1. When the residues of the stretch 1-48 are filtered to those that are modelled with pLDDT under 90 and among the acidic types (D, E), which remaining residue is least open to solvent (accessible area, probe 1.4 Å)?
2. Would you be able to tell me the number of residues in the stretch 81-105 that are in contact (Cβ under 8 Å) with a residue 40 or more places away in the chain and either within 28 Å of T30 (Cβ to Cβ) or part of a helix (DSSP H, G or I) (or both)?
3. Since T117 meets every condition but one in (1) under 16 Å from A17 (Cα atoms); (2) open to solvent by less than 60 Å² (accessible area, probe 1.4 Å); (3) free of Cβ contacts under 8 Å to residues at least 40 places away in the same chain, which condition does it not meet?
4. Which of the following residues is of a type in the set (S, T, N, Q), open to solvent by 30 Å² or more (accessible area, probe 1.4 Å), touching a residue at least 12 places away in the same chain (Cβ under 8 Å) and under 23 Å from A14 (Cα atoms): S74, S51, S110, S66?
Amino acid sequence: MPDGWSRALAGVTAVTASEQGFLTSFTPATRTAALVASLEVVPGHTAALVSGGAAGRWPKWTYTASVGELMQSSAMWNDNEYTRSAFYNEAIRPMGIFYGLVLPLLRTASRHVYLATGRRHGQDDYSDEDIAAHRLLVPHLETALRVSQRLAAADLSTRSAETALDHLGVGVILVDAAATVLLANRIADSLLAARDGLRLGADDRGLRQERRVACRRQPRRIRRPAARRGTIAVAGAGGAGAMAIA
């Protein structure tokens with residue numbers, strides 16, 4: 001869902017009693033980063049944190065932890081070291097948080113994804129119960145990320161195929177067994193709009209013939225193309241064959 005990660009962040013922060021959360025994606029090759037989703041975070045306050053992560057300026061333990069390994073900031077260094085670090089003063093402190101949890105969700109050659117939550121300065125550190133509750137969510141978050149990646153790849157593949165079809169010099173219409181139009185390229189769209197031989201039904205989905213009297217049997221063959229193989233000539237507005245259906 002478009003707002004899926006924002007809703008997931010709301011759930012994670014509620015379970016862990018966190019005040020803030022964000023999901024960020026890095027591209028190592030270009031050292032660029034994007035804030036995918038955030039909760040109760042001022043966008044400008046995350047700029048240094050996100051860009052620093054992409055540039056490799058986060059603490060080393062954030063880059064060496066295994067995917068799915070939940071890291072607690074206070075377990076990695078003591079509070080005195082933390083407050084003296086450039087990481088805290090340049091990236092964390094401006095956000096108004098102190099204690100945090102960091103979860104690597106993906107780490108490949110082309111992309112790194114992290115989910116982080118934090119508690120505002122003055123709040124208690126995360127308890128063992130908070131950590132245990134977050135760990136229960138880790139497999140579900142990893143699965144959600146894998147699914148979203150597959151959906152994005154499928155969408156990209158579909159858009160690439162549609163672009164290729166639009167560059168063909170012929171009209172292409174893909175229909176199902178009920179003659180419902182699933183896909184039409186640029187030329188086919190113009191032919192349907194001109195109602196020259198073929199048109200869309202009243203629901204703007206079903207494929208119909210414009211000249212029903214001249215081609216009385218053909219709509220049945222359009223709806224059941226596998227029943228009879230061959231080419232069907234569809235008469236155009238002037239009576240001539242405007243197109244062929246295979």
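1. Filtering the stretch 1-48 for residues that are modelled with pLDDT under 90 and among the acidic types (D, E), the one least open to solvent (accessible area, probe 1.4 Å) comes out as D3.
2. Final tally of qualifying residues: 10.
3. (3)
4. Numbers: S51 fails: under 23 Å from A14 (Cα atoms); S110 fails: under 23 Å from A14 (Cα atoms); S66 fails: under 23 Å from A14 (Cα atoms).
Exactly one residue qualifies, and that residue is S74.
Here is a yes/no grid of residues against (1) surrounded by 13 or more Cβ atoms within 10 Å (Cβ to Cβ); (2) over 31 Å from the mean Cα position of the chain (by Cα); (3) at pLDDT 75 or above; (4) among the hydrophobic types (A, V, I, L, M, F, W, C):
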{"position": "L141", "(1), (2), (3), (4)": "yes, no, yes, yes"}
{"position": "V147", "(1), (2), (3), (4)": "no, no, yes, yes"}
{"position": "L151", "(1), (2), (3), (4)": "no, no, no, yes"}
{"position": "S157", "(1), (2), (3), (4)": "no, no, no, no"}
{"position": "V172", "(1), (2), (3), (4)": "yes, no, yes, yes"}
{"position": "G197", "(1), (2), (3), (4)": "yes, yes, no, no"}
{"position": "R205", "(1), (2), (3), (4)": "yes, no, no, no"}
{"position": "V213", "(1), (2), (3), (4)": "no, yes, no, yes"}
{"position": "R221", "(1), (2), (3), (4)": "yes, yes, no, no"}
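The values are calculated or read from the model by the stated rules, or taken from the named source; none is laboratory data. Everything numeric in this text was worked out from a predicted model, so none of it was measured. With ideal geometry, Cβ positions are generated from the backbone for all residues, glycine too; neighbour counts draw on all protein chains shown. To get the accessible areas, we keep the full protein, side chains included, count just its heavy atoms, and leave off ligands, DNA and RNA. Shrake-Rupley method; radii C 1.70, N 1.55, O 1.52, S 1.80 Å.
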